[in-house]
1. Do you know which residues across region B:197-226 are touching a residue at least 12 places away in the same chain (Cβ under 8 Å), within 12 Å of chain A (Cβ to nearest Cβ) and assigned to a loop (DSSP other than H, G, I, E, B)?
2. So A:D115 clears everything in (1) within 22 Å of A:V21 (Cα to Cα); (2) at pLDDT below 90 except one condition, right? Which one?
3. Residues of region A:214-246 being among the charged types (D, E, K, R) and modelled with pLDDT of 90 or more, which ones?
4. Looking at B:A323, B:A280 in this structure, which one is within 12 Å of chain A (Cβ to nearest Cβ) and either closer than 22 Å to A:Q295 by Cα or among the charged types (D, E, K, R) (or both)?
5. I want to confirm something. Restricting to region B:15-38 and keeping residues that are of a type in the set (S, T, N, Q) and free of Cβ contacts under 8 Å to residues at least 40 places away in the same chain, which single residue is surrounded by the fewest Cβ atoms within 10 Å (Cβ to Cβ)?
6. Give the number of residues within region B:66-87 that are under 11 Å from B:G244 (Cα atoms) and not in a helix (DSSP H, G or I).
7. Just wondering, is there one or more residues in region A:300-311 that are surrounded by 15 or more Cβ atoms within 10 Å (Cβ to Cβ), away from chain B (no Cβ under 14 Å), modelled with pLDDT of 90 or more and in a helix (DSSP H, G or I)?
8. Just to confirm my filter: which helices (runs of 4 or more DSSP H) fall fully inside region B:1-53 and include at least 1 residues that are of a type in the set (K, R)?
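The values are calculated or read from the model by the stated rules, or taken from the named source; none is laboratory data. These numbers come from a predicted model, not from an experiment. Positions of Cβ are generated from backbone atoms using ideal geometry, with glycine treated the same way; all protein chains shown enter the neighbour counts. All accessible areas refer to the heavy atoms of the entire protein, side chains included, with ligands and DNA or RNA removed. Shrake-Rupley method; radii C 1.70, N 1.55, O 1.52, S 1.80 Å.
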2 protein chains.
Amino acid sequence: MRPRQHPSYYIDGLRAGDRLVLSRAITLVESRLATDQALAQAVLEGVLPHVPPTSVRVGITGVPGVGKSTFIEAFGKHLTGLGKQLAVLTIDPSSQRSGGSILGDKTRMETLSMDPLAYIRPSPAGDSLGGVAHRTRETMLLCEAAGFDLILIETVGVGQSETLVHGMVDFFLLLMLAGAGDELQGMKRGIMELADALAITKADGDNAAAADRARLEYQHALHLFPPTGTGWQPPVLTCSALTGMGISALWELIEKHQRLMSQPNHDGTSVRTRHRQQQALDWFKTLLRQRIEQQFFTQNGLTDKLQAIEKQVINGDLLPSIAITKLFL
Amino acid sequence: MRPRQHPSYYIDGLRAGDRLVLSRAITLVESRLATDQALAQAVLEGVLPHVPPTSVRVGITGVPGVGKSTFIEAFGKHLTGLGKQLAVLTIDPSSQRSGGSILGDKTRMETLSMDPLAYIRPSPAGDSLGGVAHRTRETMLLCEAAGFDLILIETVGVGQSETLVHGMVDFFLLLMLAGAGDELQGMKRGIMELADALAITKADGDNAAAADRARLEYQHALHLFPPTGTGWQPPVLTCSALTGMGISALWELIEKHQRLMSQPNHDGTSVRTRHRQQQALDWFKTLLRQRIEQQFFTQNGLTDKLQAIEKQVINGDLLPSIAITKLFL
């Protein structure tokens, strides 16, 4: 067996913080070859006990044009300046379709990509959004095993990927532009209520006053929302990747949130621990449902029968409850 | 065969608008007896072609204390005053647990329950929220077949039932109290973004000024939300069941929404038609998933194995993706 066909090559390399091994391990996790998948599973099982539970996972979303890459570059440089080992994972369904986001991301975050403390990796292309999320979670674990204690996961905020990312991070940040209006058109309803904080970007020059007005407006609006289950009231900040204004305040806010969530409850576990446990269980249940449905839908001859029944349901000729009975006759 | 064991007893009775038959048909739909279920299915299939597509289905939700029954009584009387045939269906998971909401609802809406144009029916007790929604949908169809052209479905707004109700109505109304704060504690996050309109209740006497301030605040906050897919911007109104203020304006608003949604698109179908088709398809897919999962989870010996694996997932000893592989070994 050649070294790269053995789990210990990856496990030892990851524990030593070897970036080349990390990149190869991620490629392995992304692979659909059965032999690769078996090896990937052995690697993940091998590193799992060594993944430090102290990492901070931050999801960042916002519509195109909000300045996500510029923000992440400024935010990332601030974090590596504090000595953090930073991994940036990006999920972008559109670039997955075109199949070429790797170079794009490296170019987008030019300074950060050359920082020795930062590791940037676009999410693997996936045939389904669930698949993307699945591999992004495992990529995150590999990065953590390799010593990256801070993970930023970027998503575009217009589809379903942000709900999936929300389910794998400790803190979910929504980037917004000043001047509510056009830029909201592309944003998914419900996303504001997922956010642990809102940051109004591009708060510099002529735009600074508008950004501050937007901050006050959103802050006020969020107070009318029901609070999150943990009692955390999502704040609104302004920031500028150009001047650096608000960038350090945003990190302090995330640290404050982490401290609050890390306090032990009466039963000894923290909100953060229970949150991660719930995320793991939800992930398992999602995969289980996918597997069960996959088994069902790949039955011989089902597709035609199902399509015919769905058509009757859509046309109103068949009640859904009766359609189920007919399907299982 | 006795008359009440034959579908035509129900189908003919419903088409004649017979309320006794309607009540019996609903009881039949709620029944878990296999013979009743077969009969219920035949009845539903028989009436489906006669359900007028012109009915208006309105979901009404709000936390306890917001004055839902008082509001529905005032709103309902206004609607029957316009000659509408009104059916009120209520979903209340808590009273389902205690098993005694029938008398409660009748007492709560004393005037409306004696109105010859109104029909009030609490939702059947259900062992699952899905079951409740399932039977409420069919109850709604029976009411429509019996000539009720306006359906109000009431839910408590603190659990998951409002998402289900949102999935079966044309218009979703959220009732709120003035003075955002305590009453938001019990409200589910995300519910505000489901609403087609907000109504601030109890806008009378000393409370009128506060209600008007709340209206402005919520109106402003909702403008910061992404618009609904249909371009409808949810408005905020104030109303009082005591003085009747705002009650007719609310109905005019719902009529305006119905007119907008009924306009044909370039392909000839209206937003409303496509919305109802999507709801039917979603309902079918939900039932299908439930059925598939039920088949899976009732396998012999699975429960113990699954519980053991879920425990390892929660403890972080096993990655969800690997847990799935182990479960299906």
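1. Listed by number, the list holds a single entry, B:F225.
2. Every condition holds for A:D115 apart from (2).
3. Of everything in region A:214-246, just one residue is among the charged types (D, E, K, R) and modelled with pLDDT of 90 or more, namely A:R215.
4. Being within 12 Å of chain A (Cβ to nearest Cβ) and either closer than 22 Å to A:Q295 by Cα or among the charged types (D, E, K, R) (or both) holds for just one of B:A323, B:A280, which is B:A323.
5. B:T35
6. 0
7. Within region A:300-311 (the criterion being surrounded by 15 or more Cβ atoms within 10 Å (Cβ to Cβ), away from chain B (no Cβ under 14 Å), modelled with pLDDT of 90 or more and in a helix (DSSP H, G or I)), the answer is no, since none of the residues qualifies.
8. Output list reads B:7-15, B:19-30.
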